[in-house]
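**Q** So that we are looking at the same thing, I have put the structure below in C-alpha cells.
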Amino acid sequence: PPSGTPTTAPARSAAERGIFPSRSSLPNAFSADKLSFNLVGFGRVGFYSDTTSVGRPLLLLTSVNAAASAYEMRPLFLAYRGTRPVYVLEWPGFGSSDRPDVRYTPELMTRALEQMIDVIGADANGSAIDVAALSLGSEFAARAALGSYSGPRIRSLALISPTGLSEAKSAADLVAEPQNSANLYRTLSSPFLSGALYGLLSTPPVIDLFLRRSFDGNPDPGLEAYAALSTRQPGAVYAPLYFISGLLRTPDAYTDLYSRLDTPTLVLYDRDGFVNFTRLPDLIAAKVSVKAVKVAPTKGLPQFEQLAQ
C-alpha cells in the first residue's frame, strides 16, 4: 500500500491458531461449535463456543467429579448465547477432552485454563473476559486470576458453590494432607480397586444418588443421562481417581487462593451436599473485592434450579 496507509494483519485460521474440531465420540452437550486445542504434555483439551454475538466474552468452567462435563453449564451457556461470546472449557480427563493415564494436578488444570484464555483472547482481540466457575473449578479459576492472567485478562470471577471455604484445618492436617492423598491414590489406583470403584461410581443409581445431593428438587434428567454417557468414555477412570483421592484440591484454598484475590469476585451459594461455606463470612469481611449472593433454594447446581436468580 502507499506509504502511511494503515494495514491490518490477515486473520489467522483456526488451524493456524491451534484450534481443531473435537475428535471426541461423546455426543454434544448442546448445539454449539465443539472444538479442541493441544495442551503440550497432555493432548487435546475440548471446549464449546458460540461467537455469533459481540461483547465481552464469558468463559464457563465445570466442576470436577466422576462425570464432569460441559452439560453442567448448559443452562448458562444457552441463556447467554446470542448476547455475548460464550465458551465452556472441559477439564483435561473429562467431557470431550482426552483422557490419558497421566498425572492430573491443579497445575495441569490451570495450564489448560490459561491456554483457553489465550484462545478466547485471539478470538476477541485480547479483550478481558468474565469467568464463571463451578465447585472445584473455582479453585483453578482463582489460581489463574492470581497468576499472569489477572487484571487485563480476567475482568471478573463468579464462583458457583466453590470448594475451599469449609472449616479451617489444623496445621498438622495441612502438612499431612498431601501425603495422605498420595497414599489414598496409590491404594485406589490398583488395577482391581480402580476398576471396581469406578464401575460402581459410574452406575446410573450412584450417579442419581450423587445428583440428588446436588439438587433441591429432582435431578435434571438430561444431566443424569449425559453423565452416564460421559463416564463410559475410554480412559474415563483416570482423572476421577485423582479427584477422589484429593490430589486436585488445594489443601488450604482459603489462605492460598481466595484470600489473595483482588479480581472482582462474586460467590453464589446456598446449601451444598458436599461442601460448606463456613469461611465465606470471613472472606467477605477481609476482601472488598469479594461479594456473595445466596441463591435459594439450591444445593450446589443453582443454574439448573434457579437460573433467573
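The values are calculated or read from the model by the stated rules, or taken from the named source; none is laboratory data. Here the structure is a predicted model, which means the values were calculated and not measured. Cβ coordinates were reconstructed from backbone atoms using ideal geometry, including for glycine residues, and neighbour counts include every protein chain displayed. Please note that ligands, DNA and RNA were not included when accessible areas were found on the heavy atoms of the full protein model with its side chains. Shrake-Rupley method; radii C 1.70, N 1.55, O 1.52, S 1.80 Å.
**Q** Take the alpha carbon gyration tensor of the range 16-160, find the square roots of its eigenvalues, order them as a ≥ b ≥ c, and report rounded if a/c is under 1.5; if not, report prolate when a/b exceeds b/c, else oblate.
**A** It is rounded, given that a/c, with a ≥ b ≥ c, falls under 1.5.
**Q** For Phe20 and Arg232, what does the FRET efficiency come to when R0 = 22 Å and r is the distance between their Cβ atoms, rounded to the nearest 0.05?
**A** 0.40
**Q** Of the accessible area of the range 83-127, with the probe set at 1.4 angstrom, what percent is carbon plus sulfur?
**A** C and S atoms contribute 44 percent here.
**Q** Once the other residues with Cβ under 11 Å from the Cβ of Ala227 are scored (Lys, Arg +1; Asp, Glu -1), what is the net sum?
**A** Taking every Cβ under 11 Å from that of Ala227, the sum is -3.
**Q** While we're here: Report, by chain and number, residues whose modeled amide H sits under 5 Å from the one on Ala292, excluding near sequence neighbours (fewer than 5 apart, same chain).
**A** Sorted by chain and number, the residues that satisfy this are Val267.
**Q** Right, another one. Between Ala308 and Asp262, what is the FRET efficiency for a Förster distance of 25 Å, r being their Cβ-Cβ separation, to the nearest 0.05?
**A** So the FRET efficiency works out to roughly 0.25.
**Q** How many percent of DSSP beta bridges within the chain run antiparallel, rounded to 5?
**A** In the chain, DSSP labels about 40 percent of beta bridges as antiparallel.
**Q** Further question: Kindly report, to the nearest 10 Å², the accessible surface of Phe215 as traced by a 1.4 Å probe over protein heavy atoms only.
**A** 10
**Q** If you don't mind, there's one more thing I want to ask. Tell me, how many Å apart are the Cα centres for the range 22-81 and for the range 236-254?
**A** Cα centroid to Cα centroid, the span is 21 Å.
**Q** Take the Cα pairs of the range 201-309, get the Kirkwood Rh, then feed it into Stokes-Einstein at 4 °C and 1.567 mPa s and tell me D in µm²/s.
**A** Calculated translational D: 81 µm²/s.
**Q** At 0.36 nm per residue, minus the direct Cα-Cα distance, what do Val54 and Val293 gain on full extension? Give it in nm, one decimal, please.
**A** Here the answer is 83.3 nm.
**Q** Here's another thing I want to ask about it. With a 1.4 Å probe and every protein chain left in place, tell me how much accessible area Glu305 has, in Å² to the nearest 10.
**A** 50
**Q** What number, rounded to the nearest 500 deg cm²/dmol, is the helix-based mean residue ellipticity at 222 nm of the chain, given -39500 (n - 2.57) per DSSP H run of at least four residues and division by all its residues?
**A** Only helices count here, giving -10000 deg cm²/dmol.
**Q** What's the ranking of 48-55, 131-138, 89-96 by average number of surrounding C-beta atoms within 10 Å, highest first?
**A** Those peptides, ordered most packed to least, come out 89-96, 131-138, 48-55.
**Q** So how do 19-25, 274-280, 61-67 stack up, highest first, on mean other-Cβ count within 10 Å?
**A** Top to bottom by mean Cβ count within 10 Å: 61-67, 274-280, 19-25.
**Q** Quick one: length gained pulling Leu174 to Ala285 fully straight, 0.36 nm per residue minus the C-alpha distance?
**A** 37.6 nm
**Q** Would you mind working out the accessible area per residue for the range 206-280, using a 1.4 Å probe, and quoting it in Å²?
**A** Per-residue accessible area for the range 206-280 comes out at 43 Å².
**Q** What full-extension length gain, to one decimal in nm, is calculated for Ser127 and Leu193 as 0.36 nm per residue of separation minus the Cα-Cα distance?
**A** Residue separation times 0.36 nm, minus the Cα-Cα distance, leaves 19.1 nm.
**Q** Mind putting a number on the dipole of the range 172-249 about its Cα centre? Charges go on the C-beta only, +1 for Lys and Arg and -1 for Asp and Glu, and I need it in Debye to the nearest 20.
**A** Dipole about the Cα centre, nearest 20: 220 debye.
**Q** Let me ask something else about it. Which distance in nm do the two modelled labels at Ala79 and Phe274 give, with both placed 7 Å along the Cα-to-Cβ direction?
**A** Simple spin-label model gives 2.0 nm for this pair.
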